[in-house]
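The values are calculated or read from the model by the stated rules, or taken from the named source; none is laboratory data. For clarity, every value in this text was computed on a predicted model and none was experimentally measured. Backbone-built Cβ (ideal geometry, glycine too); neighbour counts: all protein chains shown. Heads up: the accessible areas ignore ligands, DNA and RNA and are worked out on the full protein's heavy atoms, side chains in. Shrake-Rupley method; radii C 1.70, N 1.55, O 1.52, S 1.80 Å.
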Amino acid sequence: MSEYISIKNLSVRFGSVEALKNVDLEIPRNQITTVFGPANSGKTVLMRAINRMIELSPTLQRSGDITINGESIFRPEVDVAVLRRRVSMVFALPTPLPMSIYENVIYGLRLMGEKNREKLDAQVEYGLEAAALWNEVRNRLHDPALSLSGGQQQRLCLARSLALDPDILLLDAPTAALDPISTAQIEETMIELKSRYTIILVPHNFHQGARVADRAAFFLGGECIEVGTVSQIFTAPRDSRTEDYVSGRFG
Amino acid sequence: MSERLIRAILLTTALLSLISLAVITFFIFQAGVPLIGQVGIAPFIGGTVWNPTGDPKSFGILPMLLGSLYLTVGALIVGVPLGVAVAVFMAELAPRRMAQIMRPAIQLLAGIPSVIYGFVGLTLLAPFVREYLGGPGLSVLTSAIVLGIMIMPNVISISEDAIRAVPNSYREGSLALGATQWQTIWGVVLPAARSGILASVILGMGRALGETMAVIMMIGNALQVPLSPLDSATTLTSNIGLELAYASGQHREALFATGVVLFVLIMALNLIARAVSQQQTN
């Protein structure tokens, strides 16, 4: 197993709230790693740490490190904008921008200064195709993104990330607001995408994690309790707290 | 019984405000429209000579109309970019404490009587303009700068509300795609807030068009079509304010007719403001 993302002794506080406590976690390349646990267990904060979105909070205090390919993402010479394109995030609630479908997908590319129409068109098709949305919107790319249904909006957000050709996808409960059919479509997409991307998934519920992921990490109260393959974590957890959670005794 | 009484009182007060609007409208139109009929709309609005007491009499309001329009546009050029910039700063960038201090200060700016603004413009800005830019100092430019500052509080508070109302998910979505904070503000937040910002601009426009006292003090009140921002001019409102006290007969009617023009302009702006602010983004 080759570690790709390494989280080393990471602690995060917002003011007096301790969100992550001494987290150590290794994430291998081209696999889906699911980070699961009850509410307020630090899953989202962990995701937001990997693309440095946590830094939007003025009360942040952080110690420890995250490396990608052996290099710390907190080095002063790292351009946060570049990092966030390599490590692209899809949020729990669809967040289309108030512009057309097409403009949404190329938003990140535009920011990078890409002006070549053919390149943009190609990336729009690639992103929408990969997110399983192309067939539904190919004839109305210039309609407002907010006219799409919730499930379509979420796949649009996924397409928007994929169009940037990132290395890592952070999916923070991407199906939380979706119906079962859209959920199934997104799950299928995730499995198809893992050959090209390294995916970290906060699942909508831990069953989803069990369905799509290769590895699983159980979080509780800001601590990483246990990491392992999906089958080990969900069938033979070593820690009693993991066992309580996956067997439905709390959460 | 008392429930019904309270209902009746509230209904009456509500009706009173409607009735006063109707009375004002009727009164102004009744007093002003006949003169427009006698003179004709085109000579009234397009005429360049205003000589209501001379022989022959002449009622052309074009100089004041243009004065009002130039001044309003000038005030918007000064006030809107500054106001929107302050609103962006307060809503997006300023630490909470700082915004909490700035907000009442800006409200105070809105509460200063216009005669004080006029006084400051007259004694501080006009000599400065005369000295360094030329002209008489009492000019369209001087008035536009001061009026721009006067409309800023309106622009700031309404724009700030509009910017704060933009869902945070837009900002996060944009930042997560590698946008800088500035790219996010310019490319996502401002477009999403545009209907509110536009409404603030139109309300500011109404204020600039209607301001009388400060303008009388600063614009020089010269009955001429201003050819440069440094020229003196006069406006629809300042002309009414200055002449109504001694006007009689047709002169008085002509001032009311000027009021009709002003009234129509302001009504139109208000309708546009309502339409714009009700229009959904997208």
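Numerical summary
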item: Selection count where residues are outside any loop (DSSP other than H, G, I, E, B) and either small (G, A, S) or facing chain A (nearest Cβ under 7 Å) (or both), scope region B:160-171; result: 3
item: Qualifying residue in region B:226-239 (condition: more than 22 Å from B:G47 (Cα to Cα), open to solvent by less than 30 Å² (accessible area, probe 1.4 Å) and not in a helix (DSSP H, G or I)); result: no
item: B:P127 vs. criteria under 16 Å from B:G220 (Cβ atoms) and either among the charged types (D, E, K, R) or away from chain A (no Cβ under 14 Å) (or both); result: yes
item: Residue under evaluation A:H207, criteria (1) surrounded by 17 or more Cβ atoms within 10 Å (Cβ to Cβ); (2) under 11 Å from A:F36 (Cα atoms), criterion not met; result: (1)
item: Flag for B:Y70 being surrounded by fewer than 12 Cβ atoms within 10 Å (Cβ to Cβ) and among the aromatic types (F, W, Y); result: no
item: Region A:127-154, residues that are under 18 Å from A:S88 (Cα atoms) and either open to solvent by 60 Å² or more (accessible area, probe 1.4 Å) or hydroxyl-bearing (S, T, Y) (or both); result: A:E129
item: Tally of residues being under 12 Å from the mean Cα position of the chain (by Cα) and open to solvent by less than 10 Å² (accessible area, probe 1.4 Å) across region A:59-88; result: 2
item: Enumeration of residues in region A:103-126 that are over 22 Å from B:I185 (Cβ atoms) and surrounded by 17 or more Cβ atoms within 10 Å (Cβ to Cβ); result: A:L120, A:Q123, A:V124
item: Number of the condition not met by B:S174 [criteria: (1) facing chain A (nearest Cβ under 10 Å); (2) among the polar types (S, T, N, Q); (3) over 18 Å from A:T95 (Cβ atoms)]; result: (3)
item: Residue in region B:156-170 that is nearest to A:V45 (Cα to Cα), counting only those that are surrounded by fewer than 21 Cβ atoms within 10 Å (Cβ to Cβ) and among the charged types (D, E, K, R); result: B:R164
item: Residue in region B:148-155 that is open to solvent by 10 Å² or more (accessible area, probe 1.4 Å), part of a helix (DSSP H, G or I) and in contact with a helix residue (DSSP H, G or I) (Cβ under 6 Å, 6 or more places away or on another chain) present; result: yes
item: Qualifying residue in region B:36-49 (condition: in contact with a helix residue (DSSP H, G or I) (Cβ under 7 Å, 6 or more places away or on another chain) and outside any helix (DSSP H, G or I)); result: yes
item: Search result, residues across region A:100-121 that are within 12 Å of chain B (Cβ to nearest Cβ) and either in contact with a strand residue (DSSP E or B) (Cβ under 7 Å, 6 or more places away or on another chain) or among the hydroxyl-bearing types (S, T, Y) (or both); result: A:S100, A:Y107
item: Any hit, region B:9-21, residues being surrounded by 13 or more Cβ atoms within 10 Å (Cβ to Cβ) and under 27 Å from the mean Cα position of the chain (by Cα); result: no
item: Extreme residue, least open to solvent (accessible area, probe 1.4 Å), among residues of region B:177-214 that are farther than 30 Å from B:L269 by Cα and more than 8 Å from chain A (Cβ to nearest Cβ); result: B:T184
item: Criterion violated by B:I112 - all others in (1) under 30 Å from B:L223 (Cβ atoms); (2) in contact (Cβ under 8 Å) with a residue 24 or more places away in the chain; (3) of a type outside the set (F, W, Y) satisfied; result: (2)
item: Check on A:T175, open to solvent by less than 20 Å² (accessible area, probe 1.4 Å), more than 14 Å from chain B (Cβ to nearest Cβ) and not in a helix (DSSP H, G or I); result: yes
item: Checking A:I233 against (1) under 22 Å from A:A131 (Cα atoms); (2) without any contact (Cβ under 8 Å) to a residue 60 or more places away in the chain; (3) part of a helix (DSSP H, G or I), the condition it does not meet; result: (1)
item: Residue within region B:92-109 that is part of a helix (DSSP H, G or I), open to solvent by less than 80 Å² (accessible area, probe 1.4 Å) and over 30 Å from A:T59 (Cβ atoms) present; result: yes
item: Pick from region A:210-228, criterion out of contact with any helix residue (DSSP H, G or I) (no Cβ under 7 Å at 6 or more places or on another chain) and surrounded by fewer than 21 Cβ atoms within 10 Å (Cβ to Cβ), ranking: farthest from A:V12 (Cα to Cα); result: A:G228
item: Flag if A:L56 is at pLDDT below 95, closer than 30 Å to A:R13 by Cα, open to solvent by 30 Å² or more (accessible area, probe 1.4 Å) and at the interface with chain B (Cβ under 9 Å from one of its Cβ atoms); result: yes
item: Test: residue in region A:61-76 that is within 14 Å of chain B (Cβ to nearest Cβ), out of contact with any Pro (no Cβ under 7 Å at 6 or more places or on another chain), not in a strand (DSSP E or B) and not basic (K, R); result: yes
